1. Going through region 104-125 one residue at a time, which ones are over 19 Å from ALA177 (Cα atoms) and either in a strand (DSSP E or B) or within 19 Å of the chain's Cα centre (by Cα) (or both)?
2. Working carefully through the options ILE116, ILE159, ILE146, ILE168, find the one that is among the aliphatic types (A, V, I, L, M) and in contact (Cβ under 8 Å) with a residue 60 or more places away in the chain.
3. With TYR67, TYR41 as the choices, which residue is loosely packed, with under 14 Cβ neighbours inside 10 Å, touching a strand residue (DSSP E or B) at 6+ places or on another chain (Cβ under 9 Å) and either modelled with pLDDT of 90 or more or over 30 Å from PRO186 (Cβ atoms) (or both)?
4. Can you run down the residue pairs with Cβ atoms below 8 Å, 6 or more apart or on separate chains, where the first is in region 37-64 and under 14 Å from GLY104 (Cα atoms) and without any contact (Cβ under 8 Å) to a residue 12 or more places away in the chain and the partner is loosely packed, with under 15 Cβ neighbours inside 10 Å and of a type in the set (Ser, Thr, Tyr)?
5. What do you reckon, is ALA93 among the small types (Gly, Ala, Ser), more than 13 Å from the chain's Cα centre (by Cα), assigned to a loop (DSSP other than H, G, I, E, B) and at pLDDT 95 or above?
6. Just one of GLY135, GLY128 is among the small types (Gly, Ala, Ser) and surrounded by fewer than 17 Cβ atoms within 10 Å (Cβ to Cβ); which is it?
7. If a residue has to be farther than 22 Å from THR42 by Cβ and either acidic (Asp, Glu) or buried (at least 22 other Cβ atoms within 10 Å of the Cβ) (or both) to count, how many in region 85-125 make the cut?
8. Evaluate the following for SER118: is it out of contact with any helix residue (DSSP H, G or I) (no Cβ under 8 Å at 6 or more places or on another chain), of a type outside the set (Asp, Glu) and under 24 Å from GLY202 (Cα atoms)?
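The values are calculated or read from the model by the stated rules, or taken from the named source; none is laboratory data. Everything numeric here is computed off the predicted structure, so don't read it as measured data. Glycine also receives a Cβ, built like all others from the backbone with ideal geometry; neighbour counts cover every protein chain displayed.
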Amino acid sequence: MKKLALILCCLALVLTFSTPLMAEKGGSKSDCTTIQDGSLYTSDGRLIVTGYDEWGYNYQGHIFNGYYCDAYRDAAWCQEWRDVRLTMKWNDAWLSNKDCDGDGLLDRHYGFDSYIGSGAWLTNHQLGTYVDDDGNECQWLYFVKIVAVPADAELVEGIWYTADGAEIGPVIWGEFAIIQETCSDPCGGNHGVEYLSPVGPGFGKFK
C-alpha cells in the first residue's frame with residue numbers, strides 16, 4: 001500500500017510531461033505541417049515519426065503505451081516505478097498531431113490562449129504490483145480522466161463548477177479538473193470508483 005501511495009502521488013508528474021506548453025494563435029488548417037511531412041520534432045529535439053517511437057509515444061494516434069519511466073526517457077529519478085505499466089490517451093486539443101502555428105512543434109490547445117475552454121482531455125491508466133507487509137504480491141490498477149474546464153467555469157475551494165453551479169471536479173494543474181478516478185487494490189482495500197463527477201464522466205461537454 002505504501003508503494004501504491006507513492007506512485008499515485010507521482011501521477012501529476014507523469015501527466016505534466018504530457019501537458020503541452022501554450023501555443024500562439026495563427027495560421028490555418030490548410031497551412032498545417034503533419035508528422036508525415038517529416039519535419040516535426042519533440043520538445044527534446046527528436047524527429048517525430050508515425051507509429052510508436054522507442055519510448056512508447058504514438059503522437060499520430062494520440063496515445064502513449066509503455067512503462068512509467070519510458071514517459072520520462074528513463075530518467076534516473078523515476079527508477080523506483082520503472083515496472084509500472086502506463087497508458088495515456090489524449091485528444092487533439094491536448095496535443096495535436098499537426099503544427100498549424102508554424103513553430104515546428106505539435107500544437108497545444110490550438111486557437112485558444114490557454115487550455116480553458118479548449119475541450120482538451122487526457123486519460124491515464126496505471127498497472128503495477130507491490131509486496132505488502134505480509135509478503136504477498138499485490139496488483140493494483142489506477143485510472144483517471146482529466147478535462148480542461150470551460151471558459152465560464154468557477155473555481156471554489158479547490159473544486160471547479162459550471163456556470164450554473166454544477167460540480168465538475170477537483171482542480172488539477174489550475175486549468176483542469178478530474179472527472180473520474182478509479183482505483184483497484186484488493187490488498188489495500190481499494191475497490192472501484194473513488195470519484196465520479198456529478199455532471200458525468202463523458203468527454204465533449206466542457207468546451
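1. Within region 104-125, the first condition is being over 19 Å from ALA177 (Cα atoms), and the residues that meet it are 104-107, 110-111.
Scanning region 104-125 gives LEU105, LEU106, ASP107, TYR110.
2. Numbers: ILE116 fails: in contact (Cβ under 8 Å) with a residue 60 or more places away in the chain; ILE159 fails: in contact (Cβ under 8 Å) with a residue 60 or more places away in the chain; ILE168 fails: in contact (Cβ under 8 Å) with a residue 60 or more places away in the chain.
Unique residue meeting the criteria: ILE146.
3. Unique residue meeting the criteria: TYR41.
4. Matching pairs, first to second residue: LEU47/TYR41.
5. Criteria not met by ALA93.
6. On the way: GLY128 fails: surrounded by fewer than 17 Cβ atoms within 10 Å (Cβ to Cβ).
Sole residue among the options that is among the small types (Gly, Ala, Ser) and surrounded by fewer than 17 Cβ atoms within 10 Å (Cβ to Cβ): GLY135.
7. Number satisfying all stated conditions: 1.
8. Values: out of contact with any helix residue (DSSP H, G or I) (no Cβ under 8 Å at 6 or more places or on another chain): yes; of a type outside the set (Asp, Glu): yes; under 24 Å from GLY202 (Cα atoms): yes.
Answer is yes for this residue.
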